[in-house]
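Trainee: One structure follows; several queries about it will come next.
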Amino acid sequence: MLRLAVVEDDNRQARLLTEYAARYGTEHQMAIACERFNNGLMFLEAFRSNYDAVLLDIAMPIMDGMECAKRLRRQDDQVPIVFITSMAQYAIKGYEVEAMAFMIKPVSYEEFGMKMDRIVRRLSTRQTAPYAINQKDGIKVVDVNDIYYVEILNHELIFHTRDGVFHLYGKLGTIEEDARFSGFIKPSPSHLVNCAHITSIGRDTVEIGGDQIPLSRRRRRECLEKLARVIGGRLS
């Protein structure tokens, strides 16, 4: 399943892009889900690193696409952004937010298809780390990269992931020892948090999108140091 966010205030243009996505999915035997947002602010309020790519109009009310992209990059520096605009001069500004491409209105299906090809190629190069979670009705396989955090409650592991929440009886220590979870930090005895999805670290909490994970005082320095090693940069 490829998830596209279509951030576009023009109903006709949004409908056209959604139709293009459905056509592309049919031609390439690929499931594509589109979610439409009327403006950048609405999109940012819903964003939890839960989209594979963002089709982002530049000229919008409330918050324009360029400002939306700048704020988006504070949360996620990897998700591909494709700007949609009728003004080609904005292309140079796209470098500021590492936009992958531009589509000039009116967008043709041929142009849309070429940009989708680039999105698919980029996503296919991402290193995956499948992890099996036993469920009552079978086995759910998730990519460790798509796990936001894991918590343990009453001997039950709760996986908060891009695809939903899944439960498994087990020990958090077993997850810690798994090499696939080397990019996670342990802010409290009951939580493992994926560094790739952290949006901020406060005095006593770690934020993953809208969720607040408790951060013990004695673990704070260790978590900050590991986060810096995993994602780079310097934290205080």
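Trainee: Could you tell me what percent of the accessible area of the chain is made up of carbon and sulfur, with a 1.4 Å probe and every protein chain present?
Mentor: Roughly 48 percent of what the probe reaches on the chain is carbon or sulfur.
Trainee: What's the extension gain from Arg12 to Gln78 if we count 0.36 nm per residue and subtract their Cα-Cα distance?
Mentor: Going from the current span to full extension adds 20.9 nm.
Trainee: If I model a spin label as a point 7 Å beyond the Cα along the Cα-Cβ vector, how far apart are those points for Arg218 and Arg118 in nm?
Mentor: A separation of 5.1 nm, rounded to one decimal place.
Trainee: Quick check for me: using +1 on Lys/Arg Cβ and -1 on Asp/Glu Cβ, what's the dipole size of the chain about its Cα centre, in debye to the nearest 20?
Mentor: 720
Trainee: Taking N as the number of residues in the range 151-236, what is its Cα Rg relative to 2.2 N^0.38 Å?
Mentor: Rounded to two decimals, the normalised Rg is 1.05.
Trainee: May I pose another question? Enter the Cα centre distance for the pair the range 139-157 and the range 1-73, rounded to the nearest angstrom.
Mentor: That distance is 28 Å.
Trainee: Residues with amide H under 5 Å of Ile133's amide H, sequence separation 5 or more or different chain, H placed in the peptide plane at 1.01 Å from N; which?
Mentor: Those qualifying (amide H under 5 Å, at least 5 residues apart or on another chain) are Lys140, Val141, Val142.
Trainee: Please compute the length gained on full extension between Asp211 and Glu98, using 0.36 nm multiplied by the number of residues separating them and subtracting their Cα-Cα distance.
Mentor: 38.0 nm
Trainee: Set the Förster distance to 25 Å, then compute FRET efficiency between Asp143 and Tyr169 from the Cβ-Cβ distance, nearest 0.05. Numbers along the way, then the final one.
Mentor: Numbers: r = 22 Å, r/R0 = 0.87.
Working from the Cβ atoms, E equals 0.70.
Trainee: Mind listing the phi-derived Karplus ³J(HN,Hα) values for the range 131-139, rounded to whole Hz, using 6.51, -1.76 and 1.60 with θ = phi - 60°, and x for any glycine or proline?
Mentor: 9, 8, 10, 5, 10, 4, 9, x, 10
Trainee: Go through the range 158-167 residue by residue and turn each phi into a ³J(HN,Hα) via Karplus (6.51, -1.76, 1.60, θ = phi - 60°); whole Hz please, and just put x for glycine and proline.
Mentor: Whole-Hz 3J(HN,Hα) from phi for the range 158-167: 10, 9, 9, 10, 4, 9, x, 10, 10, 10.
Trainee: Before I look further, what does the chain give for accessible area per residue, probe 1.4 Å, in whole square angstrom? Before the final figure, lay out the partial values.
Mentor: Values: 12880 Å² over 236 residues.
Here the per-residue accessible area is 55 Å².
Trainee: Starting from the amide H of Leu215, placed 1.01 Å from N in the peptide plane, find each other amide H under 5 Å away whose residue is 5 or more places distant or on another chain.
Mentor: Sorted by chain and number, the residues that satisfy this are Thr205, Val206.
Trainee: Expressed as a fraction of 2.2 N^0.38 Å, the rule-of-thumb size for a compact globular protein of N residues, what is the C-alpha radius of gyration of the range 8-64? Kindly include the intermediate steps, with their values, before the conclusion.
Mentor: Details: Rg = 12.2 Å, N = 57, 2.2 N^0.38 = 10.2 Å.
In units of the 2.2 N^0.38 Å rule of thumb, it is 1.19.
Trainee: Cross-link partners among lysines for Lys115, C-alpha distance below 18 Å, same-chain residues fewer than 8 apart left out?
Mentor: By straight Cα distance, Lys115 reaches Lys105.
Trainee: Mean Kyte-Doolittle hydropathy of 1.0 or higher plus an axial Cα length of 18 Å or more: which whole DSSP H helices in the chain meet both?
Mentor: Answer set is empty.
Trainee: What are the residues whose amide H is under 5 Å from the amide H of Ile84, where those residues sit 5 or more places off or on another chain and H is modelled from the backbone?
Mentor: Residues meeting the criterion, in which the H sits 1.01 Å from N, are Leu56, Asp57, Ile58, Met103.
Trainee: So what are the ³J(HN,Hα) numbers for the range 182-190, from phi and the Karplus equation (6.51, -1.76, 1.60; θ = phi - 60°), rounded to whole Hz, Gly and Pro as x?
Mentor: Once θ is set to phi - 60°, the couplings for the range 182-190 become 5, x, 9, 10, 10, x, 8, x, 10 Hz.
Trainee: Next question. Using just the helices of the chain, give the 222 nm mean residue ellipticity in deg cm²/dmol: DSSP H runs with n ≥ 4 each add -39,500 (n - 2.57), and the total is spread over all residues, rounded to 500.
Mentor: Taking each H run of at least 4 residues, the total per residue is -9500 deg cm²/dmol.
Trainee: What is the packing order of peptides 49-55, 66-72, 128-134, taking the mean over residues of other C-beta atoms within 10 Å and listing the highest first?
Mentor: 49-55, 66-72, 128-134
Trainee: Per 0.36 nm of contour for each residue apart, how much would the distance between Glu19 and Ala179 grow if the chain were fully extended, relative to their Cα-Cα spacing? Intermediate values should be presented prior to the final figure.
Mentor: Values: separation 160, 0.36 × 160 = 57.60 nm, distance 4.14 nm.
Full-extension gain reported as 53.5 nm.
Trainee: Residue farthest toward the positive end of the dipole of the chain, with Cβ of Lys/Arg at +1 and Asp/Glu at -1: which of Val82, Val6, Thr199?
Mentor: The residue sitting farthest along the positive end of the dipole is Thr199.
The values are calculated or read from the model by the stated rules, or taken from the named source; none is laboratory data. All values derive from a computational prediction rather than experimental measurement. Ideal geometry is used to build each Cβ from the backbone, glycine not excepted, and the neighbour counts take in all protein chains shown. For accessibility, only protein heavy atoms count, side chains too; no ligands or nucleic acids. Shrake-Rupley method; radii C 1.70, N 1.55, O 1.52, S 1.80 Å.
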